[in-house]
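The block underneath contains the structure these notes are about, expressed in structure tokens.
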Amino acid sequence: MVSLKIYVATRALLTIPTIIILLTIVFIVMRILPGDPVTAIVGMKAPPEQIQELKRELGLIDDLGNPIPLYIQYFNYFSGIIKGDFGKSLIWGKRPVIVEILEHFPATIELSIMGFIVSLLIGLISGVYSAHKYSSWIDSTIRVYGIISYALFIPWIGMLFQMLFGVQLKILPVAGRIDPGMEPQQITGLFLLDSIITSNMPSFISSLKHLILPSITLGIVLSGIFTRLTRGAMLEVLSQDFITAAKARGLPNRKILLHALKNAFIPILTMMGLQFALLLTGAILTETTFSWPGIGTFLMERINYRDYTTVQGTVVFFAIIISLVSLIVDLIYAYIDPRIRY
């Protein structure tokens, strides 16, 4: 237990320099990108006074109009992030960036969780069944599925589902998060959960119908890696002596497979954490295809409007979230597998 506590403390401390490096990279990249963000927003014909005012708001010049050195800009930017100040948007009311991010983040969380559940269910079931039917035509078919599904292009498969279920069969909506006027009372920002808490069944059904197509699209594309990983881990476990002993004792196949899956779960758990972190940032294509009002769509919109501070703040927010998810996965990994220690 003492060793685990030391590992937890060490891993948590290592997250700090990781986040600092990520923040520094984002700061440098945003400064070296070609083009002037101020000119991109206001245009070439904007009055000099307006350009100076916007540069002052961005922290590029001081009150006297003198350029602020880069290292002072970095210090101001870093201290602001520590205080939770991601700056203000340069368009549409100039609201705090963190407020706008938090307004869109629940939609991305909801889609990521549902997509993750779909991918995990498909991956685990197909991976276990493929290992159980090793060297059969079923095993070969599932292996091909694992390769093809991982190579699918999200907008392509998303549009196929939209054409089939939305346009031809007309049974599922093809865009949006919920029908107009059906939004539940905002508690967590997760429509499914808020609908359950407020006992609003029409909102629950509407939000669930809107989630089905984007979740299945995302889930199918991500399930391939779980299929292949589960199959490989299961084959290794199924070849061990304790499985042979279980078969000799006459245990049913279902119990043997469940027992083997528990022992094969550690590498799968690691991949689950990494995939969920990627889901949060990688759902952009799915959100764009289904007009899902999440943080991916939000980021694409602000890139098009050259909203410099919002783009920078969103990238930093993603970096911090991924670092924290990686930390949580490592801690769970260490708790499950006592061999993992520093």
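The values are calculated or read from the model by the stated rules, or taken from the named source; none is laboratory data. Quantities reported herein were computed from a predicted structural model and do not represent experimental measurements. A quick note on method: Cβ atoms are made from the backbone with ideal geometry, for glycine too, and the neighbour counts reach across all protein chains shown. Heavy atoms of the whole protein, side chains included, go into the accessibility calculation; ligands, DNA and RNA do not. Shrake-Rupley method; radii C 1.70, N 1.55, O 1.52, S 1.80 Å.
Within segment 122-138, take every residue that is in a helix (DSSP H, G or I) and without any contact (Cβ under 8 Å) to a residue 24 or more places away in the chain and give me the one that is surrounded by the fewest Cβ atoms within 10 Å (Cβ to Cβ). Once the filter is applied, the top-ranked residue is TRP137. For segment 266-278, check the following and say yes or no: at least one residue is over 25 Å from the mean Cα position of the chain (by Cα) and either in a helix (DSSP H, G or I) or more than 30 Å from LEU14 (Cβ to Cβ) (or both). Within segment 266-278, not a single residue is over 25 Å from the mean Cα position of the chain (by Cα) and either in a helix (DSSP H, G or I) or more than 30 Å from LEU14 (Cβ to Cβ) (or both). Out of curiosity, is GLU53 under 19 Å from TYR305 (Cβ atoms), at pLDDT 75 or above and out of contact with any helix residue (DSSP H, G or I) (no Cβ under 6 Å at 6 or more places or on another chain)? Against the criterion (under 19 Å from TYR305 (Cβ atoms), at pLDDT 75 or above and out of contact with any helix residue (DSSP H, G or I) (no Cβ under 6 Å at 6 or more places or on another chain)), GLU53 qualifies.
Taking the stated definitions as given, is LEU331 within 20 Å of the chain's Cα centre (by Cα), modelled with pLDDT under 75 and open to solvent by 30 Å² or more (accessible area, probe 1.4 Å)?
No.
Residues in segment 66-116 that are touching a strand residue (DSSP E or B) at 6+ places or on another chain (Cβ under 9 Å) and within 17 Å of VAL316 (Cα to Cα): ASP85, PHE86, GLY87, LYS88, SER89, PRO96, VAL97. Which of the residues that make up segment 225-240 are part of a helix (DSSP H, G or I) and surrounded by fewer than 23 Cβ atoms within 10 Å (Cβ to Cβ)? ILE225, ARG228, LEU229, GLY232, ALA233, LEU235, GLU236, VAL237, LEU238, listed by residue number.
Restricting to segment 48-77, name every residue that is of a type outside the set (A, V, I, L, M), in contact (Cβ under 8 Å) with a residue 12 or more places away in the chain and open to solvent by 50 Å² or more (accessible area, probe 1.4 Å). GLN52, LYS55, GLU57, TYR74, ASN76, listed by residue number. None of GLU110, GLU103 is open to solvent by less than 20 Å² (accessible area, probe 1.4 Å) and either on the phi < 0 side of the Ramachandran plot or touching a residue at least 12 places away in the same chain (Cβ under 8 Å) (or both) except GLU110.
Across segment 139-180, the qualifying residues are those that are modelled with pLDDT of 85 or more, over 15 Å from PHE290 (Cβ atoms) and of a type in the set (Gly, Ala, Ser), and the one among them that is most open to solvent (accessible area, probe 1.4 Å) is SER140. Can you pull out the residues in segment 1-41 that are modelled with pLDDT under 70 and closer than 19 Å to LEU327 by Cβ? SER3, LEU4 - these are the residues of segment 1-41 that are modelled with pLDDT under 70 and closer than 19 Å to LEU327 by Cβ.
Taken together, VAL128, VAL174 contain a single residue that is over 23 Å from the mean Cα position of the chain (by Cα) and more than 25 Å from PHE317 (Cβ to Cβ), which is VAL128. Looking across SER199, SER215, one residue alone is in a helix (DSSP H, G or I) and either farther than 21 Å from ILE122 by Cβ or hydroxyl-bearing (Ser, Thr, Tyr) (or both). It is SER215. Which residue is nearest to LEU58 (Cα to Cα), if the candidates are limited to segment 286-320 and must be aliphatic (A, V, I, L, M) and surrounded by fewer than 17 Cβ atoms within 10 Å (Cβ to Cβ)? Out of the qualifying residues, it is ILE303. Between residues in segment 302-331 that are farther than 25 Å from LEU90 by Cβ and residues that are surrounded by fewer than 19 Cβ atoms within 10 Å (Cβ to Cβ) and of a type in the set (Lys, Arg), which pairs lie under 8 Å by C-beta distance while being six or more apart or on different chains? Close Cβ pairs satisfying both conditions: LEU327/ARG11; ASP330/ARG11; LEU331/ARG11. I need every pair where a residue in segment 142-159 that is more than 15 Å from ILE216 (Cβ to Cβ) and of a type in the set (Gly, Ala, Ser) has its Cβ under 7 Å from the Cβ of a residue that is open to solvent by 70 Å² or more (accessible area, probe 1.4 Å) and in a helix (DSSP H, G or I), sequence separation at least 6 or different chains. From segment 142-159, the pairs are GLY146/ARG228.
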